[in-house]
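Below is one structure; the comments refer to it alone.
The values are calculated or read from the model by the stated rules, or taken from the named source; none is laboratory data. All values derive from a computational prediction rather than experimental measurement. Backbone-built Cβ (ideal geometry, glycine too); neighbour counts: all protein chains shown. SASA here: full protein model, heavy atoms, side chains in, ligands and nucleic acids out. Shrake-Rupley method; radii C 1.70, N 1.55, O 1.52, S 1.80 Å.
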Amino acid sequence: MPVYQLSDRIAFPPPELADETGLLAVGGGLEPERLLLAYASGIFPWYSEDQPILWHAPDPRMVLLSSELHINRSLRKSLAKTELRVTLDQAFSLVMRRCAETERPEQYGTWITDEMHVAYARLHELGFAHSCEAWRGDTLVGGLYGVSIGDVFFGESMFADESDASKIAFVRLVQQLEAWGIELIDCQVHTDHLERFGAREWIRAQFQEALKRAVQAPTRRGPWAFDGDTL
């Protein structure tokens, strides 16, 4: 499959034209309009600091349904006794920065570039990008961020400075998403970590069909806040 070169026009080739690695296109920019069209089309940017913007649409796609969240016994115990405070949209830029700074196995540098940080901060200002934070006192110890359109949450990255901090934030977020009727959570690519939460791989056609329906729902624009204690 060819890799498509994007222009200044806000448009993408169909996701099914991605190559075997999921790479679909290169170039373009990270304008809010382009990012929102990408996510609504099943496409996301993922590239390193020394690369041009690379757009991906992998097949299969890792998906979690909020109603199918699995919490193992160990994490349930942590949730029951935690002293962490969990919030929404209280420290978006800080969560992004900590995700970028976190060292990950077999990853050199970060794909959360300064350019990405600016672009997603703009999406956050517009009410489409959201963070979930775990705090010990006034110190941020874990969290995650992503994008939401219609009845879909597109997860991007998470970090933890304390054991289970990001897991607790993730569980609280997923439970709130379910309460709001946001069932489809795009986890992008397979990880054992996400599989333990109940995420599974869908073929592209299944994901694209579910996505097409879900993005037609009204978008819950930010800032977000928890309805109440959903643990």
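Calculated accessible area for the stretch 127-231 comes out at 42 Å² per residue, all protein chains present (probe 1.4 Å; ligands, DNA, RNA ignored).
Relative to the longest principal axis of the Cα atoms of the chain, helix 204-214 runs at roughly 70 degrees. Helix 92-101 axis versus longest C-alpha principal axis of the chain: approximately 80°, rounded to the nearest ten.
Once a ≥ b ≥ c are taken as the square roots of the eigenvalues of the Cα gyration tensor of the chain, is the result rounded (a/c under 1.5), prolate (a/b larger than b/c) or oblate (a/b not larger than b/c)? Taking the square roots of the gyration eigenvalues as a ≥ b ≥ c, the chain is prolate.
In this structure the stretch 39-115 gives 55 Å² per residue of accessible area when probed at 1.4 Å with all protein chains present.
Accessible surface of W46, taken over heavy atoms with a 1.4 Å probe and every protein chain present, rounds to 110 Å². Overall shape: rounded for the stretch 94-231, with the ratio a/c of the largest to smallest alpha carbon gyration tensor axis below 1.5. Less than 5 angstrom separates the built amide H of T219 from those of G150, all sequence-distant by 5 or more or on a different chain.
Between the stretch 44-63 and the stretch 127-174, the alpha-carbon centres lie 20 Å apart. The accessible area of S93, taken with all protein chains in place and a 1.4 Å probe, comes to roughly 50 Å². Counting heavy atoms of the protein chains alone, H117 has an accessible area of about 40 Å² for a 1.4 Å probe. Taking square-rooted eigenvalues a ≥ b ≥ c of the alpha carbon gyration tensor, is the stretch 53-93 rounded, prolate or oblate, where a/c under 1.5 means rounded and, failing that, a/b exceeding b/c means prolate? Taking the square roots of the gyration eigenvalues as a ≥ b ≥ c, the stretch 53-93 is oblate. Across the chain, Cα pairs under 8 Å and at least six residues apart give a relative contact order of 24 percent. Here A121 and N72 are evaluated by their C-beta separation; at R0 = 30 Å the FRET efficiency comes out at 0.30. Remark: relative contact order (the stretch 124-214) = 23 percent; criterion is Cα-Cα distance under 8 angstrom and separation of 6 or more residues. Under a model in which nothing but the beta-carbon of Lys, Arg (+1) and Asp, Glu (-1) is charged, the chain shows a dipole of about 660 debye around its Cα centre.
Across the stretch 45-70, the residues whose backbone nitrogen lies under 20 Å from the label position 7 Å along the beta-carbon direction of R200 are 58-70. Across the chain, the longest piece that holds none of the trypsin sites (Lys or Arg not before Pro) lying in DSSP loops with up to 12 other C-beta atoms within 10 Å covers 10-220. The long axis of helix 114-125 is offset from the longest Cα principal axis of the chain by roughly 70 degrees. Label sites at E33 and T219, each approximated as a point 7 angstrom past Cα along Cα to Cβ, lie 1.3 nm apart. Of interest is the spacing of the C-alpha centroids, which for the stretch 1-38 and the stretch 189-231 amounts to 21 Å.
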